[in-house]
Amino acid sequence: MPILRWIRYTAWTALAVVVFVAAAILLGWWRVDGPGAPGRPVQTAGAPIDVGGPFSLVDHTGRRVTDADFRGKPMLVFFGFTHCPEVCPTTLLDLTNQLKALGPEAERLQVLFITVDPERDTPAQLALYLQSFDPRIVGLSGTVEEVEAAVKAYKAYARKIPTEDSYTMDHTASVYVMDAAGRFRTLIDYHEEAQAAQAKIRLVLK
C-alpha cells in the first residue's frame, strides 16, 4: 500500500473510532439482559454529566419516596426486575459483597434497586426478592409512568420483550455511581472486577 494511501486509511480509521465512541456515549452505554444484542457501558469519571434527577417512587416497604429522601449519601443505582434470569441477581449479589467489603463505611452509602417491570414488581414482590441480598438495599417501584420517568432521568434503557408465555425485559445492566449531591460520577460495568468496582465506590465516599 503506498504511504499516502496508508496515512489516509489510518486517519479515516481513527476518525471512525472517535465517531463510534461519541455515539456510544450519547446513545448506548448499556448492556441488556434478554434477547436484544448486548452493548458495553461507557464509563466516565469526574466530569459532571446530566444523568439522574427527580423521581417519585414507592419503596419495598410501601413508603412513597423521592430522590430528595436519599440526598446526603452517595448512591449506587441499579435498574432491573425480579424475574431477571441472570444479570439482576448477579449484580445484587455483587453489591451485597461490596457492602460487606466496605465494613462500617457501607453505612454512608445508599443502594437503590429500581424495577423496570412495575406491572409485576409490586413493593411486596420487591420485599420478598430482596430478602436474598443485603437488607440495606432499597427496592423501588411505582406506576408505569413513574418508573419510565426514573429510567429517562438516568438515561437508562428498558424495553419489554414478549416471550411465548409472558414477557421479559431488556434493560441497562450497569450500576450508576452517584455522589452525595445526586450527581453522576461513573458506572460499574456488569461483571467488572470487584477491586475496580470497589475503587469506584470509594471515589464517592471520600
Report task. Tell me which residues, restricted to the range 173-202, are more than 16 Å from D50 (Cβ to Cβ) and in contact with a strand residue (DSSP E or B) (Cβ under 6 Å, 6 or more places away or on another chain). Result -> S174, V175, I188, A197, K200
Query raised in the report: Taking the range 114-163, which residues are aromatic (F, W, Y) and under 19 Å from I188 (Cβ atoms)?
Result: F133, Y154, Y157
Query raised in the report: From the set of residues in the range 186-206 that are of a type outside the set (A, V, I, L, M, F, W, C) and buried (at least 20 other Cβ atoms within 10 Å of the Cβ), which is farthest from K155 (Cα to Cα)?
Result: K200
Query raised in the report: Among all residue pairs at least 6 apart or on different chains, which show Cβ distances below 6 Å where the first residue, located in the range 100-113, is of a type in the set (F, W, Y) and the second is at pLDDT 95 or above and surrounded by 13 or more Cβ atoms within 10 Å (Cβ to Cβ)?
Result: F113/F78; F113/I137; F113/G139
Report task. Would you be able to say whether some residue in the range 169-176 is closer than 20 Å to D69 by Cα and either outside the structural domain of K73 (by TED's automatic domain parsing) or surrounded by 17 or more Cβ atoms within 10 Å (Cβ to Cβ) (or both)? Result -> yes
Query raised in the report: Do we find that G139 is surrounded by 14 or more Cβ atoms within 10 Å (Cβ to Cβ) and part of a loop (DSSP other than H, G, I, E, B) in this structure?
Result: no
**Report entry** Selection count where residues are closer than 14 Å to S56 by Cα and in contact with a helix residue (DSSP H, G or I) (Cβ under 6 Å, 6 or more places away or on another chain), scope the range 121-140
**Finding:** 1
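The values are calculated or read from the model by the stated rules, or taken from the named source; none is laboratory data. Every value quoted in this text rests on a predicted model; they were computed, and no experiment measured them. For neighbour counting, all protein chains shown are included, and Cβ atoms are generated from backbone atoms with ideal geometry for every residue, glycine included.
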